[in-house]
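Working notes, structure below.
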Amino acid sequence: MDGRRRTSAVLVVCLATWVGGGASGETTLRVHATPPVALYGEPFSWQVTGLRPGEPVTVTAVSTDARKVVWESQAVFEADSRGGVDLATRAPVAGGYEGADIFGLLWSMKPAQPDTGKPIG
């Protein structure tokens, strides 16, 4: 090794799919990632706001690794009484993992196309 420190970071894009709003009671769906970039081991939070209480929202995480393999995961959440979802404290009602887990969308990722011909691991 040449003495330089090498750091890896994973960029994850989270998308929220939601059907809501309307002429009466227009709401604005927002996905909050704090901080916008977090390195491994740093604390972070993901929240979705602008929903109606009890409204379902699907959150999808997508990432591409160094071998150009696309990884993704998905979970469906139900908004709390204020119309929000905090992924650290709210358990999904469906998806790739169970229980409230801020890392759930990360560790439950799977290759988008399982038969890529590229070794995993």
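The values are calculated or read from the model by the stated rules, or taken from the named source; none is laboratory data. From a predicted model like this one, the values you see are computed outputs, not experimental measurements. Positions of Cβ are generated from backbone atoms using ideal geometry, with glycine treated the same way; all protein chains shown enter the neighbour counts.
Quick notes on this one:
- Scanning segment 65-88 for residues that are more than 12 Å from the chain's Cα centre (by Cα) and either of a type in the set (S, T, N, Q) or closer than 17 Å to Ile102 by Cβ (or both) turns up Asp80, Ser81, Gly84.
- The one condition in (1) in contact with a Phe, Trp or Tyr (Cβ under 8 Å, 6 or more places away or on another chain); (2) at pLDDT 95 or above that Gly104 fails to fulfil: (2)
- Leading residue by the ranking (surrounded by the fewest Cβ atoms within 10 Å (Cβ to Cβ)) among those in segment 97-108 that are more than 10 Å from the chain's Cα centre (by Cα) and not small (Gly, Ala, Ser): Trp107
- So Thr49, is it closer than 17 Å to Ala79 by Cβ, out of contact with any helix residue (DSSP H, G or I) (no Cβ under 7 Å at 6 or more places or on another chain), among the polar types (S, T, N, Q) and modelled with pLDDT of 55 or more: yes
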